[in-house]
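The values are calculated or read from the model by the stated rules, or taken from the named source; none is laboratory data. Predicted model only: the values in this text are computed from it and were never measured. Backbone-built Cβ (ideal geometry, glycine too); neighbour counts: all protein chains shown. For accessibility, only protein heavy atoms count, side chains too; no ligands or nucleic acids. Shrake-Rupley method; radii C 1.70, N 1.55, O 1.52, S 1.80 Å.
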Amino acid sequence: MTFTPPEHIPKQPVFESAALTGASGGTSSPPSLRDAPYQRTVNRGSLAIALALRHIGLSARHEVLVPAYHCGAMIEPILAEGGLPVFYRIHADTRVDLEDMARRLTPATRVVLVPHFFGFLQPLKAVRAWCDAHDLILIEDCAHAFFGETEGCPVGTQGDYAIGSNWKFFPLNEGGCLVSFRHPLNTIETRAPSLSEELKAVVNTLEYASRYGRLGSFNPWLKKAFRFKDAVVQGLRSGSSAPSPERTEDPPRPEDFVPAPFHSGFDPDRTTVSGSRWARWVTEKSALSFIAEKRRENYQALLEATLPLPGCRPLFPHLPAGVVPHVFPLVMDQPMAVFGKLKFAGVPVIRFGEFLWDGMDKGTCPVSEDYSRRIFQFPCHQSLKKHELDWMIQVLSATLAGTGSLPPPPDQPAP
Ligand SMILES: Cc1ncc(COP(=O)(O)O)c(C=O)c1O
């Protein structure tokens, strides 16, 4: 039986007009992909990878070096553009294993893709120098790192290209970017999204915000409007499809939890469709320093709360200056013993790299295979309210320490 429990707190940033005060950026804004002189918007980060490969002129003979710790959204664009992914190892701290990368270099290697896992920026100077020495194109995958700097290098500046996943950092349901500090991107031809796609972008954002009660006095009205919309969609669907199988009367249990099939969201037909105006506007108007400070604060709170817990350890026990985390990654001793329990309790557990590419040989990178199974990520985004963060910490503590009962979902009175 498949059962996907509702998430009691938002997994990703939620739209609130209060967060849109950063049009001018301000002196305290952290470095970000918004600073790049060359910019193109797309619908998702995976499409930005495809667009970069197209700009490079990747051909079927070309190999792209990618980390063995990856998600489908990094591999599908390579295959769609006719390239061949070749997997390299990472170190336990998620830095690129440059020696292993060098062993995998062939005359067909053309591109190197390096992500900043979970927002913790990789030192890239050595990788940049190695790429220059071998005439390779470096794509800095900033899907987890819209902000920050390391080794004195602001994010995105070491790659020939950098790709971003705006929806992971801004209150959007879609949005990505291809940027470059080194190469003009004006030869890329894209078309604007249709009016219905533009509208969908706004509606989806508001619907998500309304689900988590973020739109103040507008919320009751919007809730009604979205309920009506759902009823209409449901009615249309049930009119056109076969009846669903009988539902069991038994309430679902944690052990019934089956993750939904993996879908990366990559749609090759949208590679040359530019991002919505809505996504561009929200990205431009958002207060960057607020996003950065709040994420760091929430990360620190999760770090302090989980350090003493049994059965887990934070992947990054220190939060260096210059890092704006995407999520809080926690390495679990017994991942399968707690995954269903956390999901069932309504915690939005994220699992980057849960499904490694079928075509990668077993044993390519023991660290990646281990992390694929054992690292869970928890939201630390700027839209989490204190009581939501506290609730998630209480559920984590009760589940991992095996003590006490689970707290009631936030915004619901205690029994
Ligand atoms: C490291 C990394 N790169 C690229 C992507 C693709 O980004 P998007 O989901 O915006 O397509 C993801 C997606 O999660 C990712 O984790």
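Per-residue accessible area (protein heavy atoms, 1.4 Å probe) orders GLU388, GLU207 as GLU207, GLU388, starting from the largest.
Between amide H atoms placed 1.01 Å from N, distances below 5 Å from PHE328 occur with PHE378, CYS380, all of them 5 or more places distant or on a separate chain.
Comparing mean-square fluctuations of GLN234, GLN12, GLN158 from a GNM of the chain with C-alpha springs under 10 Å, the top value falls on GLN234.
The phi torsions of segment 129-144, fed into the Karplus equation with coefficients 6.51, -1.76 and 1.60 and a -60° offset, translate into couplings of 5, 5, 4, 4, 5, 10, 6, 10, 8, 9, 9, 8, 8, 9, 4, 9 Hz, rounded to whole numbers, with Gly and Pro shown as x.
A cut-off of 5 Å between modelled amide H atoms, ignoring neighbours fewer than 5 places along the same chain, links TYR88 with VAL66, ALA68.
Within the shell of other residues whose beta carbon sits under 12 angstrom from the beta carbon of ALA60, the net charge comes to 0, with Lys and Arg scored +1 and Asp and Glu -1. Working note: Karplus 6.51/-1.76/1.60 with θ = phi - 60° gives segment 66-80 the couplings 10, x, 5, 9, 7, 10, x, 5, 8, 9, 4, x, 5, 5, 5 Hz, where Gly and Pro are set to x.
Between segment 51-97 and segment 134-174, the alpha-carbon centres lie 15 Å apart.
Counting only heavy atoms of the protein chains and using a 1.4 Å probe, PHE87 has close to 20 Å² of accessible surface.
Within the same chain, lysines fewer than 8 places from LYS223 are excluded, and of the rest, those with a Cα less than 22 Å from its Cα are LYS11, LYS200, LYS385. Across the options GLY340, ASN166, ALA18, the greatest Cα extent toward the positive end of the charge dipole of the chain (unit charges at beta carbon of Lys, Arg, Asp, Glu) belongs to ALA18. The HN-Hα couplings worked out from phi for segment 204-216 by the Karplus form 6.51 cos²θ - 1.76 cosθ + 1.60 (θ = phi - 60°) are 4, 5, 5, 5, 5, 5, 5, 4, 9, x, 9, 9, x Hz, whole numbers, x standing for Gly and Pro.
By a 1.4 Å probe calculation restricted to protein chains, THR364 has an accessible surface near 20 Å², given to the nearest 10.
If you sort the three axes of the alpha carbon gyration tensor as a ≥ b ≥ c, you get a/c of 1.5 or more for segment 284-401 and a/b no higher than b/c, which makes it oblate. Across PRO154, PRO85, PRO107, mean-square fluctuation computed from a Gaussian network of the chain (C-alpha pairs under 10 Å connected) peaks at PRO107. Would segment 281-334 count as rounded, prolate or oblate if I go by the C-alpha gyration tensor, calling it rounded below 1.5 in a/c and otherwise prolate when a/b exceeds b/c, oblate otherwise? Note, shape of segment 281-334 comes out prolate. Amide H contacts under 5 Å for VAL273: ARG191, restricted to partners 5 or more places along the chain or on a different chain, H placed in the peptide plane at 1.01 Å from N.
The DSSP beta bridges internal to the chain are antiparallel in roughly 55% of cases. Rounded to the nearest 500, the helix-only mean residue ellipticity at 222 nm of the chain stands at -10500 deg cm²/dmol, with each DSSP H run of n ≥ 4 adding -39,500 (n - 2.57).
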